[in-house]
1. Which FRET efficiency, nearest 0.05, do MET42 and GLU84 yield, Cβ-Cβ r, R0 25 Å?
2. Of ARG123, ARG53, which has the most accessible area and how do the rest follow, probe 1.4 Å?
3. What part of the accessible area of the range 87-129, given as a whole %, is carbon or sulfur when the probe is 1.4 angstrom?
4. How high is the FRET efficiency from PHE127 to VAL75, r the C-beta distance, R0 35 Å, rounded to 0.05?
5. Tell me, what HN-Hα J-couplings in whole Hz come from the Karplus equation 6.51 cos²θ - 1.76 cosθ + 1.60 at θ = phi - 60° for each residue of the range 100-105, using x for Gly and Pro?
6. Given the whole protein assembly as supplied and a 1.4 Å probe, what does the accessible area of TRP101 come to in Å², nearest 10?
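The values are calculated or read from the model by the stated rules, or taken from the named source; none is laboratory data. Here the structure is a predicted model, which is why all the values come from computation and not from measurement. Neighbour counts run over all protein chains shown; Cβ positions are idealised from the backbone, glycine included. Each accessible area value is taken on the protein alone, full model and side chains, heavy atoms only, with ligands, DNA and RNA left out. Shrake-Rupley method; radii C 1.70, N 1.55, O 1.52, S 1.80 Å.
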Amino acid sequence: FFAVAKMSEEDRGKSSWAKRTSDVLFADGGRNLPGFMVGRQMCVTLCFFIIARVTTIKLNYDDDTNTLDDNIFNVSDGAQAFFETGLLGALITTVVASIMWQLVASAFPMAFLSTPITYILLRWCLFLE
């Protein structure tokens, strides 16, 4: 959104979704931009916890006989301990849900702004804020 803020209003209005998104984002003199940033952080944090919970792989050990064959995908005990912490979800969220979207948006601001999902995510983040 910061790259789009420097563009003229005519350039932002070439796509109907880009115009809608820009109108919401820059309404009231740009007051929604800081609100979006707060809502975005809340959304990323929420995704962080949900994905960490979903990607946590906790095996039920019956007794003291757990061996290498008891781990998922036959990984080592250290890798299995890593899977059980939920940090795998944190890594996925950081790379995929946060950094990748920022890189795509900064490289292709108009293409990113012209998609309906950007408008929906903007509204969701403003709702969270």
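1. E(calc), rounded to 0.05, equals 0.40.
2. Result of the area sort, largest leading: ARG53, ARG123.
3. 80 percent
4. 0.30
5. 4, 5, 5, 5, 5, 5
6. About 110 Å², rounded to the nearest 10.
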